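Worksheet: the structure to be examined is printed underneath.
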Amino acid sequence: MFKGTRGWMTATFGAVLLTAGAAGAAEVNVYSARHYDVDKTLYETFEKNTGIKVNLIEGKDDELIERIRSEAANSPADVLITVDAGRLWRAQEAGILQPIRSEALEKAIPAHLREPEGHWFGLSKRARVLVYNKDAVEPAKLKSYEDLAAPEWKGRVLVRSSTNVYNQSLAGAMLAAHGPEKTEEWARGVVENMARKPQGGDTDQIKGVAAGEGDVAVSNTYYFGRLAASQKPEDQAIVSKLGIIFPNQGDRGTHVNVSGAGVAKNAPNKDAAVKFLEYLATPAAQKVFAEGNYEYPAVPGVEVHPIVAGWGPFKEDELNAAVYGKNNAEALKVMDRAGWK
Ligand SMILES: [Fe+2]
């Protein structure tokens with residue numbers, strides 16, 4: 001009797017799933033290079049709201065792109081979530097994303113933060129800023145990325161390697177603003193002003209400034225946010241010495257980059273994938289998605305983390321993320337020629 005009841009229940013559950021499957025919305029396979037617990041909370045809410053099960057496959061950025069590429073037509077991937085427009089562009093170039101149209105996404109996400117044909121959509125923003133030692137730098141004298149190449153900053157600049165996609169995107173934005181010759185000249189100036197050979201990540205540059213190895217670091221905002229949020233006394237000591245400058249407020253604005261997502265070329269659950277992206281662009285999801293990593297939401301008007309709010313508003317460069325994404329390869333060549341290791 002009991003067995004029979006169980007069997008009946010299982011059959012019903014299966015029928016429910018089948019119904020959802022027939023409507024094309026039973027599950028969505030999400031390949032993500034973001035590894036934050038808050039993301040998982042978001043996916044659970046999506047499951048609860050829609051009945052669409054989220055299967056999460058985590059991996060490193062470039063590895064996920066390569067995996068989807070090699071899985072080709074058999075790829076179960078529906079959505080790719082990754083970081084930096086340079087990388088989203090690489091995914092697009094690799095032919096693993098398909099363009100999608102969605103009124104909800106086009107309405108919610110500002111045009112400069114998404115690929116014009118709908119291959120990918122920025123979901124959170126990070127600004128590439130200058131973090132300076134308050135004892136050594138008068139912020140009024142350091143106003144732009146261009147300033148980093150000026151002779152007075154010789155031996156004072158800390159910035160990571162040109163192999164890093166964030167710097168490639170920054171140089172890609174410089175290319176759009178100034179063209180190749182001036183960008184190379186700028187890169188050469190930055191190299192001449194480096195306090196040391198590029199090493200480590202953005203956090204290491206920030207720590208280097210606090211330790212007096214240089215006076216100004218180039219960093220994404222969320223690395224500074226993480227240090228500021230840390231309860232460790234040594235991190236608090238670092239942050240207390242430092243200030244943050246949003247470059248180019250007098251002209252084109254500060255370079256911002258995105259973490260974002262696109263629908264996979266061979267998505268078996270395309271409708272669910274689009275719904276999933278639309279959900280991530282809702283104000284409630286945006287708040288959680290951005291806050292978990294001290295980023296800015298892509299959707300305007302959504303509240304930011306108090307630490308991020310404390311830095312104040314800033315003018316951002318509204319160059320389309322796809323433009324500096326596309327400039328990625330040329331940016332790397334230019335930095336290479338300039339001797340940026
Ligand atoms: Fe990062």
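The values are calculated or read from the model by the stated rules, or taken from the named source; none is laboratory data. The model shown is predicted, which means the values in this text are computed figures rather than measured ones. All Cβ positions, even for glycine, are placed from backbone atoms using ideal geometry, and neighbour counts span all protein chains on display. Note: accessible area is taken over every heavy atom of the protein model, side chains too, but ligands, DNA and RNA are not part of it. Shrake-Rupley method; radii C 1.70, N 1.55, O 1.52, S 1.80 Å.
Here are the numbers for this structure:
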item: Selection status of Pro247, in contact (Cβ under 8 Å) with a residue 12 or more places away in the chain, closer than 22 Å to Gly122 by Cβ and either out of contact with any Cys (no Cβ under 8 Å at 6 or more places or on another chain) or within 16 Å of the ligand (Cβ to nearest atom) (or both); result: yes
item: Residue among Ile81, Ile96, Ile100 that is over 13 Å from Ala321 (Cβ atoms) and within 16 Å of the ligand (Cβ to nearest atom); result: Ile81
item: Segment 26-39, residues that are without any contact (Cβ under 8 Å) to a residue 60 or more places away in the chain and either in a loop (DSSP other than H, G, I, E, B) or surrounded by fewer than 16 Cβ atoms within 10 Å (Cβ to Cβ) (or both); result: Ala33, His35
item: Residues that are open to solvent by less than 20 Å² (accessible area, probe 1.4 Å), more than 27 Å from Thr163 (Cα to Cα) and over 19 Å from the mean Cα position of the chain (by Cα), drawn from segment 68-109; result: Ser75, Ala77, Asp78, Ile100, Ser102
item: In segment 120-169, the residues that are of a type in the set (D, E, K, R), under 18 Å from Val334 (Cα atoms) and within 16 Å of the ligand (Cβ to nearest atom); result: Arg160
item: Scan of segment 142-171 for residues that are open to solvent by 60 Å² or more (accessible area, probe 1.4 Å) and closer than 16 Å to Thr254 by Cα, ordered by number; result: Lys143
item: Extreme residue, nearest to Arg34 (Cα to Cα), among residues of segment 48-79 that are part of a strand (DSSP E or B) and in contact (Cβ under 8 Å) with a residue 40 or more places away in the chain; result: Val79
item: Residue in segment 172-180 that is away from the ligand (no atom under 16 Å from the Cβ), without any contact (Cβ under 8 Å) to a residue 24 or more places away in the chain and closer than 23 Å to Gly250 by Cβ present; result: yes
item: Those residues of segment 205-229 which are open to solvent by less than 60 Å² (accessible area, probe 1.4 Å), more than 23 Å from Ser169 (Cβ to Cβ) and away from the ligand (no atom under 16 Å from the Cβ), in sequence order; result: Ala210, Gly212, Asp215
item: Single condition Arg34 does not satisfy, out of (1) among the charged types (D, E, K, R); (2) within 16 Å of the ligand (Cβ to nearest atom); (3) touching a Lys or Arg at 6+ places or on another chain (Cβ under 7 Å); result: (3)
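A quick yes/no check of all residues on (1) open to solvent by less than 20 Å² (accessible area, probe 1.4 Å); (2) among the small types (Gly, Ala, Ser); (3) within 25 Å of Ser240 (Cα to Cα):
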position	(1), (2), (3)
Glu278	no, no, no
Ala281	yes, yes, no
Gln286	yes, no, no
Glu291	no, no, yes
Tyr294	no, no, yes
Pro297	yes, no, no
Val304	no, no, yes
Ile307	no, no, yes
